[in-house]
């Protein structure tokens, strides 16, 4: 490199240093404003985390971004800024399906950043219990996978706990085979969450046709078990983050059957999210055993031109041939047509529950 080129680089670096000083000054100013907001929130007992405000920030980024940095990267930067500001406003505890390194852990970080208190919990029901008791402000749990569909244990938990869906977050799921060997022929046992096993079953049946499957509560738990056993005959299906956390080799990357393998996670809490202008409403209900009862329930959705994005049915425990239905609708309960449609559904259902109206996650779609 010539002296002239070196001088030019030094000049550019000097300009970056000057900008960094300005950025820190601006972030300090923002933090002071956040502290003032915190004082007002304490006086009025207001909620610290507002998902509709978060979506508003992401929308503004999209509108003012000049394109040098892509929107998703800017979202990630502002996620961490907002995380630090919420920490200044007050303590916020978030429980997630762990251990550390799970996909739910990654989803919790994507939604809440690194500055808040994120606590691993081994069971979905226990997350509901912690939030219900006030030991955690929010919980992060998987609800739906683009390949394997609904997470039944999450729906079952909503039957037993009176909590609300407050927000959602999507995560691209990349499954990896982790262990202490580098040879597929040495492997005899796979530890994995059953959803993840299902997402990789074509690859597994082709490459490990005689494998023994042991189900775990999460993929990071599977990685943790394999790391403790230190057996070359065992492996886990889990994330790259889990490989780093538990010191495992990545035997094979991206073994998922679909490269567009997304999981939707929901944030549960005791609050109601305000309308953001781009929302989803989730409900659960049961119907009478009579001809046309499901049609009667769905007709108000069709007649008011509400977009139904998901419908699932789930057997009710200890009630033979009785089913609970789960539906996602586009719109917010504060909208007149949503409110009127749900009132009609409620009248015709044998039981009805509004799980929540909350902003649709746009962080991966900009």
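Please treat every number below as a calculation from the coordinates, not as lab data. Treat the numbers as computed from the prediction; the structure is a model and nothing was measured. Glycine gets a Cβ as well: all are built from the backbone with ideal geometry, and neighbour counts include every protein chain shown.
Figures for the structure shown
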{"read-out": "Global geometry of region 275-359, whether rounded, prolate or oblate, following the gyration tensor of its Cα atoms and the 1.5 cut on a/c", "value": "prolate"}
{"read-out": "For peptides 348-359, 333-344, sequence by mean Cβ density within 10 Å, most packed first", "value": "348-359, 333-344"}
{"read-out": "Of all DSSP beta bridges in the chain, antiparallel share, percent nearest 5", "value": "75 percent"}
{"read-out": "Reference-scaled alpha-carbon Rg (2.2 N^0.38 Å with N residues) for region 1-46", "value": "2.09"}
{"read-out": "Stretchable slack from residue 309 to residue 339, in nm (0.36 nm times residue separation minus alpha-carbon distance)", "value": "9.1 nm"}
{"read-out": "Inter-part distance where region 19-40 and region 286-308 are each reduced to a Cα centre, Å", "value": "50 Å"}
{"read-out": "Alpha-carbon centroids, region 187-246 and region 64-105: separation in whole Å", "value": "28 Å"}
{"read-out": "Efficiency of FRET from Cβ geometry, residue 210 and residue 33, R₀ 45 Å, rounded to 0.05", "value": "0.15"}
{"read-out": "Stretch gain in nm, segment residue 45-residue 278, where the contour uses 0.36 nm per residue and the Cα spacing is subtracted", "value": "81.3 nm"}
{"read-out": "Inverse of mean 1/r across different Cα pairs in region 126-197, Kirkwood, Å", "value": "15.1 Å"}
{"read-out": "Mean Cβ count within 10 Å, highest first, over the residues of peptides 292-303, 30-41, 98-109, 243-254", "value": "98-109, 243-254, 292-303, 30-41"}
{"read-out": "Translational diffusion coefficient (Stokes-Einstein; Kirkwood radius from C-alpha pairs) of region 186-282 at 25 °C, 0.890 mPa s, in µm²/s", "value": "161 µm²/s"}
{"read-out": "Protection-proxy order for peptides 179-190, 18-29, each taking the mean of Cβ atoms within 10 Å per residue, highest first", "value": "179-190, 18-29"}
{"read-out": "Extension gain (nm, one decimal) between residue 347 and residue 161, 0.36 nm per residue minus Cα-Cα", "value": "64.7 nm"}
